[in-house]
Structures are given as C-alpha cells and as structure tokens.
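Bear in mind that the values in this text are calculations on the coordinates, not laboratory data. Treat the numbers as computed from the prediction; the structure is a model and nothing was measured. For neighbour counting, all protein chains shown are included, and Cβ atoms are generated from backbone atoms with ideal geometry for every residue, glycine included.
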Amino acid sequence: RPWKLIWKVKIPYKVSCFTWLLAKQVVLTQENLMKRGIHLSPGYLFCEEKVETITHQFIHCRITFQLWEIFLSMKCLSWVMPRKID
C-alpha cells in the first residue's frame, strides 16, 4: 500500500494528514460533500469552471496548473500531468 509511505516521509504532521486524505480520495471537495447529501451550488469557486473534484482541484484547474508550473520551474523540474490522483 503506497499510501502507508506517507507516514515515513519527514514532513510536518499536518501535511502527512492532508496527503493521506488526498491519497484516500476523501478530501472534502464539492463532489465528496454532494455524495454525502450536502447540496452546494455547482462550480469550483477557485476557477468557476466545473464541480470541485480532487483531480480538478489539485491537477486540472487552470490556476492550479499554473501554480504547479511556477513551483516546479523554481526547482528546475518538469512533469507530465496525470489524468487523475490515485
């Protein structure tokens, strides 16, 4: 189980907790809240493009993608965007 490695990396505990929630697909996004019966207005508030999903929020949102590009270029890294977070 790769998500168990999250607890072995030397990062702040709150970052480990959030990363674990992300890996388990249980971050409280609009999509996950709607699955639990909580009705919200549609549209991701950050970019106003679509329903807030984990994949959109952390990868496919145009604003998030730009932030990833800035951060990675500062570290002289490049990446290929995955289709989804597993």
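For the stretch 2-74, lysine pairs separated by 8 or more sequence positions, or belonging to different chains, with Cα-Cα distances below 27 Å total 10. Need the C-alpha centroid separation for the stretch 32-48 versus the stretch 50-72, integer Å. Cα centres, the stretch 32-48 to the stretch 50-72: 16 Å.
Secondary-structure-derived ellipticity at 222 nm for the chain, considering helices only, amounts to -10000 deg cm²/dmol, per-run term -39500 (n - 2.57) for DSSP H runs with n ≥ 4.
When the chain is treated as a Gaussian network with alpha carbon springs shorter than 10 Å, the biggest mean-square fluctuation among Thr53, Thr19, Thr29 belongs to Thr19. Given +1 at the Cβ of Lys and Arg, -1 at the Cβ of Asp and Glu and no other charges, the dipole of the stretch 2-74 around its Cα centre is 480 debye to the nearest 20. Counting only trypsin sites (Lys or Arg not before Pro) that DSSP places in a loop and that have at most 14 other Cβ atoms within 10 Å, the longest clean stretch of the chain runs over 51-74.
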